[in-house]
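Enquirer: This is the structure, below, for whatever I ask next.
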Amino acid sequence: MGAIDLRSDTVTLPSASMRAAIASAPVGDDQFGEDPSVNRLQERSAAILGKEAALFVPTGTMANQVALRVLTRPGDAVVLTRESHLVWYEAGAAPANAGVQLTEVGGRGTFTREEFLSACWPPGHLLSPPTTCLVIENTHNRAGGVVFPAAEAARICAAAADRGVRAYLDGARLWNAAVAVGCPPAELAAPFDLVSVAFSKGLGAPGGSLLAGSADLIRTATRYRRMSGGAMRQVGFFAAAALHALEHNMARLADDHANARRLAEGLAASARLRVDVDRVQTNIVMVHLVEGAPDAAQLVQRAKEAGVLMVAFGPRTVRAVTHLDVSAQACLRAAEVVAELAEARAA
């Protein structure tokens, strides 16, 4: 068995059938709207998400940044989940590109309608910027892939609409959320003005994300995509991979969730590792190192030497992510290796 790569679900490699789909993809110049594969992907994704139109973009970060440009103006305030990707992993792009102020609320990947309202500033306030956008990340990365409760999201979005605040769903892993709760992605996307999804994570495509919303919002997004350098030419090769992933890799996300649970249960058996198994809802496992265990950097390095790749998410927190290139057997083996390494410190 080679290295067991649990660093992220972005490390997947295209399967032979996906490579064949890429090689045979009809392409054209997407900036002229002439790439048939991109057009098909956009139409298909809009239908899946229950939106009027969609726009392919190179990355999830660009999707988030374009969404902010569409839904806000410089100087506005945005309310979003604490420890969101927009805050932690986009190199300060939101204030630099959109000129917005980010207000984090809630915790452990979710927040409530009441928490949103307490952080929502009205227009015309003497001192505070107006809140014009709310963002929900579903699933939430740093919270361990938890699914945002659909009913609460609907309550929050309704309250936002009453106040003229637009709602954006950072759904990079929305596919995982939909499979985990057993509902169509459109149901989870319905309350939001704009929604993004990624094809390069659990679905296993080599790249690409997408924004979906009303035709008017997508027209505006197209302009900001261009301003961001995201307009491309014969990008149908990426679109073909995404289409293949939608067709073949959606239902199997449940396998990743089951494997994450196996991994979590194996790790939780160690007295030196703390894993909240009940919070492992999708494909992300957060592992906390208790007193007597190595710190995160040490454990990640030792695990790498033993053939298991993970990521340190804090001084004493490690993240592991399951995906289509990691089998159930590999997850069980990874749990054994990491548990042994954690126990070795106390020996």
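Enquirer: Write down, largest first, the equivalent ellipsoid semi-axes of the range 260-310 in whole Å, where each equals the square root of 5 times an eigenvalue of the alpha-carbon gyration tensor.
Expert: After diagonalising the Cα gyration tensor, the semi-axes are 19, 14, 9 Å.
Enquirer: Then there is this: How big is the C-alpha Rg of the range 252-344 next to the rule-of-thumb value 2.2 N^0.38 Å, as a ratio?
Expert: The reported ratio for this selection is 0.96.
Enquirer: Compute the separation of the alpha-carbon centres of the range 110-160 and the range 271-321 and state it in Å as a whole number.
Expert: 29 Å
Enquirer: Another question about this same structure. If you line up the long axis of helix 296-305 against the longest principal axis of the chain, both from Cα atoms, how many degrees apart are they, to the nearest 10?
Expert: 70 degrees
Enquirer: A further question follows. In whole Å and largest first, what semi-axes does the C-alpha gyration tensor of the chain yield when each eigenvalue is scaled by 5 and square-rooted?
Expert: 34, 26, 17
Enquirer: Tell me the Rg and the Dmax, in Å, that the Cα atoms of the range 50-200 produce.
Expert: Just the Cα atoms of the range 50-200 yield Rg and Dmax of 14.2, 46 Å.
Enquirer: Is the range 57-129 rounded, prolate or oblate when judged by the Cα gyration tensor, a ≥ b ≥ c being the square roots of its eigenvalues, rounded requiring a/c under 1.5 and prolate requiring a/b larger than b/c?
Expert: Since a/c reaches 1.5 but b/c is at least a/b, the shape of the range 57-129 is classed as oblate.
Enquirer: Sort Glu115, Glu340 so the one with the fewest other Cβ atoms within 10 Å of its own Cβ comes first.
Expert: Listed from fewest to most nearby Cβ atoms, that is Glu340, Glu115.
Enquirer: Now for a different question. Starting from the Cα coordinates of the range 142-184, work out the convex hull volume and express it per residue in Å³.
Expert: Measuring per residue, one finds 86 Å³ for the Cα hull of the range 142-184.
Enquirer: Cβ under 13 Å from Arg113's Cβ, Arg113 left aside: what net charge do those residues give with Lys, Arg +1 and Asp, Glu -1?
Expert: -2
Enquirer: Gain in length, Val290 to Ala151, computed as 0.36 nm per residue apart minus the alpha-carbon separation, to one decimal in nm?
Expert: Stretched out fully, the Val290 to Ala151 stretch lengthens by 46.5 nm.
Enquirer: Can you sort Arg225, Arg82, Arg163, Arg219 by how many other beta carbons sit within 10 Å, fewest first?
Expert: Fewest-to-most ranking of Arg225, Arg82, Arg163, Arg219: Arg219, Arg163, Arg82, Arg225.
Enquirer: If amide hydrogens are placed 1.01 Å from N in the peptide plane, which non-local residues have theirs closer than 5 Å to the one on Leu102?
Expert: Those qualifying (amide H under 5 Å, at least 5 residues apart or on another chain) are Val78.
Enquirer: Would you mind getting me the FRET efficiency between Ser128 and Asp162? Use the beta-carbon distance for r and R0 = 25 Å, nearest 0.05.
Expert: 0.85
Enquirer: Kindly give the semi-axes, whole Å and largest first, of the ellipsoid equivalent to the range 158-311, taking each as the square root of 5 times a Cα gyration tensor eigenvalue.
Expert: 35, 20, 17
Enquirer: I'd like the orientation of helix 150-162 relative to the chain: the angle between its Cα long axis and the longest Cα principal axis, in ° from 0 to 90, rounded to 10.
Expert: Long axis of 150-162 versus the principal axis of the chain: about 30 degrees.
Enquirer: Can you tell me the 0 to 90 degree angle between the C-alpha axis of helix 36-49 and the longest principal axis of the chain, rounded to 10?
Expert: 80 degrees
Enquirer: If neighbour count is taken as other Cβ atoms inside 10 Å, put Tyr89, Tyr168 in order from fewest to most.
Expert: Tyr89, Tyr168
Enquirer: Pop a pseudo-label 7 angstrom from the Cα along the beta-carbon direction at both Ser24 and Ala186 and give the gap in nm to one decimal.
Expert: Between Ser24 and Ala186, the label points sit 2.9 nm apart.
The numbers here are math on the coordinates, done by the rules we state, and not lab data. These numbers come from a predicted model, not from an experiment. Neighbour counts run over all protein chains shown; Cβ positions are idealised from the backbone, glycine included.
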